[in-house]
Amino acid sequence: MPELPEVETVRRGLAPVLVGARIRRAELRRSDLRFPFPPDFAKNLQGRLVTGLDRRAKYLVARLDDGAALIAHLGMSGAFRIETLQDAGAAPLGAFAMARSKDPTHDHVILHLEGGARVIYNDPRRFGFMTLALEAELEAHPFFTHLGVEPLSQGFDARVLARLFAGRKTLLKSALLDQKLIAGLGNIYVCEALHRSGLSPFRAAGDLVKANGAPARSAQRLARAIRDVLGEAVEAGGSSLRDHRRADGSLGYFQHRFQVYGRTGEACATPCCGGTILRQTQNGRSSFFCPKCQR
DNA sequence: ACATAGACCTGTTGGC
DNA sequence: TGCCAACAGGTCTATG
């Protein structure tokens, strides 16, 4: 599923159930996801109290009471859901629980919490992964050391963007997807942010920087568009295309606000533009854009 | 530095 | 209706 807004939505959904809860038992239904679980993974989770749940880029980080942290990445199709005691009984289930409970094939990890709730990780493609690390060493962890700026943080603005892009000849689309530069963007929100800022995905990243290193007006527009589109998507509970659901099973609805993603052949929504949305492959990923108003 | 291709997996979709 | 190729929100590696 997951770009920053979807992961943040999952975090917000899980936090009320998970933070302050103790893990009675961690059940692994298989020995690996994208990577094998580390040795003693389930054993080390058993009995731990979850003291916090954070997000960094597209990673979830659950802090535990023994100084460890559970790191989880949802890959392309990972989802968490919560089942309470009520759900587990024979009583009528909600539509979502019904649909999901029919196919538990891809329920790979189940955290049984004290009190009876269960937090279930489901991931058909298994591109996601989980591991444990010491909280004190998270910043130095291989998953985190190379991550770039958080686009929703205070520090992210056009000047930061300009500094990151200065001198880069790589395509704007590629630069925005590079987690070492900006952490959390993915294919959908890059397409949407580029459309909002009227910039072609085929521009060179360095084009957005003036000769003196200051951000060009285009960089101002792009930084603003990134913040706006991500912020709005978080507020909307993310985008539900195939896999993404909030932890309570409800759907995000930002997909209804896409202006270009998946809209090949449709009229561009920019007022007075009159262009038509195209799809073109870039670096093996689909780019959706309007060739008329994105220059 | 940068682009491209392929790998990892499974499920869904679109075209014929 | 059925089949099969193409494609999917991510990341990593190898290669040129």
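Readers should treat all values here as calculations from the given coordinates under stated rules, not as data from a laboratory. Source: prediction; values computed, not measured. Note that each Cβ is placed from the backbone with ideal geometry, even for glycine, and that neighbours are counted across all protein chains shown.
Quick look at the numbers
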read-out	value
Sites A:LYS169 and A:PHE143, calculated FRET efficiency, Cβ-Cβ separation with R0 30 Å, nearest 0.05	0.60
Rounded to the nearest 20 debye, dipole of chain A from Cβ charges on Lys, Arg, Asp, Glu	1040
Contour minus Cα-Cα distance for A:ARG295 and A:ARG257 (0.36 nm per residue)	11.5 nm
3J(HN,Hα) from dihedral phi, segment A:119-126, Karplus parametrisation 6.51/-1.76/1.60, rounded to Hz, x for glycine, proline	10, 10, 9, 10, 7, x, 8, 6
Calculated FRET value between A:SER153 and A:ARG224, using beta carbons and R₀ = 25 Å, to 0.05	0.95
Net charge, A:ALA204 excluded, C-beta distance under 9 Å - Lys, Arg +1, Asp, Glu -1	+2
Hydrodynamic radius by Kirkwood, which averages 1/r over all alpha carbon pairs of segment A:4-145, in angstrom	15.4
Charge dipole magnitude, Cβ of K and R +1, D and E -1 - segment A:4-145, Cα centre, debye nearest 20	300
Sequence-distant aspartates and glutamates (8 or more away, or on other chains) whose Cα lies within less than 13 Å of A:LYS169	A:ASP207
For A:LEU53, residues with placed amide H under 5 Å, excluding near neighbours	A:ARG63
From phi via Karplus (6.51, -1.76, 1.60), per-residue ³J(HN,Hα) for segment A:46-62 in Hz, x at Gly/Pro	4, x, 7, 8, 8, 9, x, 9, 10, 10, 10, 6, 9, 9, 9, 10, 9
Amide H contacts under 5 Å for A:ALA21, placed H, 5+ residues apart	A:VAL50
Of A:LYS173/A:LYS210; A:LYS58/A:LYS292; A:LYS58/A:LYS180, pairs whose Cα-Cα distance is over 22 Å	A:LYS58/A:LYS292
Modelled FRET efficiency - R0 35 Å, A:THR281 with A:LYS180, Cβ distances, 0.05 increments	0.95
Cα-based shape type of chain A, given that a ≥ b ≥ c are square roots of the gyration tensor eigenvalues and the cut on a/c is 1.5	prolate
Simple spin-label estimate for A:GLU266 and A:ASP248 in nanometres, 7 Å along Cα-Cβ	2.8
Folded to 0 to 90 degrees: helix A:187-196 orientation relative to chain A principal axis, Cα	40
